[in-house]
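The structure appears below as structure tokens.
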Amino acid sequence: MSLAILHSYVLIAAPYVAFGALLIALIAVGYAVALKWRFKRLMTGRNGSIEETIGILLRDTKELQQFRTELEKYLKHAEGRLRGSVQGLGIVRFNPFAGDGSGGNQSFAVAFLDEGGRGMVLSSLYARDRVGIYAKPVEAWVSTYELSNEEKEAIDKAKQQVAARKKL
């Protein structure tokens, strides 16, 4: 291919290449103007500049962290109080005088226990002419006082309730 032919092709293509370059330059300028407009709008938003917005967000984040710390402290306190509350209740009704018919099933043993098995067993022995009420302390599911079978059964029922609540 001769140099004259190549020169003529360049002369023919030069205006098209220049027009393409101009078109690309105009598109780039358009994108630059749009980007500058969007950035300016971002920096001076409706509620102030981006620096002010970031400052507000940082302050809000600190307040939320402080609230979370206080909430965790309160929940630990509430959890401690709940562990010491009555969570297991076992009731057993019985007739202490089986055979002579004087008591019926009016007697009972009730265990009021917390999560750790601390609390009390309250027993009532009913007869036609008298009623006796007895309270015995319970620690770790046992008492330092001798327990009747009904009182032991009431403690076992309370223990089952506590175990069932822990599963929830």
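Do the conditions hold for T69, that is, is it without any contact (Cβ under 8 Å) to a residue 24 or more places away in the chain and under 24 Å from the mean Cα position of the chain (by Cα)? Don't jump to the end; show me each part of the working.
Values: without any contact (Cβ under 8 Å) to a residue 24 or more places away in the chain: yes; under 24 Å from the mean Cα position of the chain (by Cα): yes.
Yes: the conditions hold for T69.
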Where K152 falls short, out of the listed (1) surrounded by fewer than 16 Cβ atoms within 10 Å (Cβ to Cβ); (2) more than 32 Å from the chain's Cα centre (by Cα); (3) among the charged types (D, E, K, R) = (1)
If you go through segment 56-95, how many residues are modelled with pLDDT under 85 and either small (G, A, S) or not in a helix (DSSP H, G or I) (or both)?
-> 1
Output the qualifying pairs, or none if there are none: Cβ atoms under 8 angstrom, residues six or more apart or on different chains, first residue in segment 140-154 and over 22 Å from N95 (Cα atoms), second residue surrounded by fewer than 17 Cβ atoms within 10 Å (Cβ to Cβ) and of a type outside the set (K, R).
-> A140/G116; S143/P137; T144/P137
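The values are calculated or read from the model by the stated rules, or taken from the named source; none is laboratory data. Keep in mind that what you see is a predicted model, and the values were worked out from it rather than measured. Ideal geometry is used to build each Cβ from the backbone, glycine not excepted, and the neighbour counts take in all protein chains shown.
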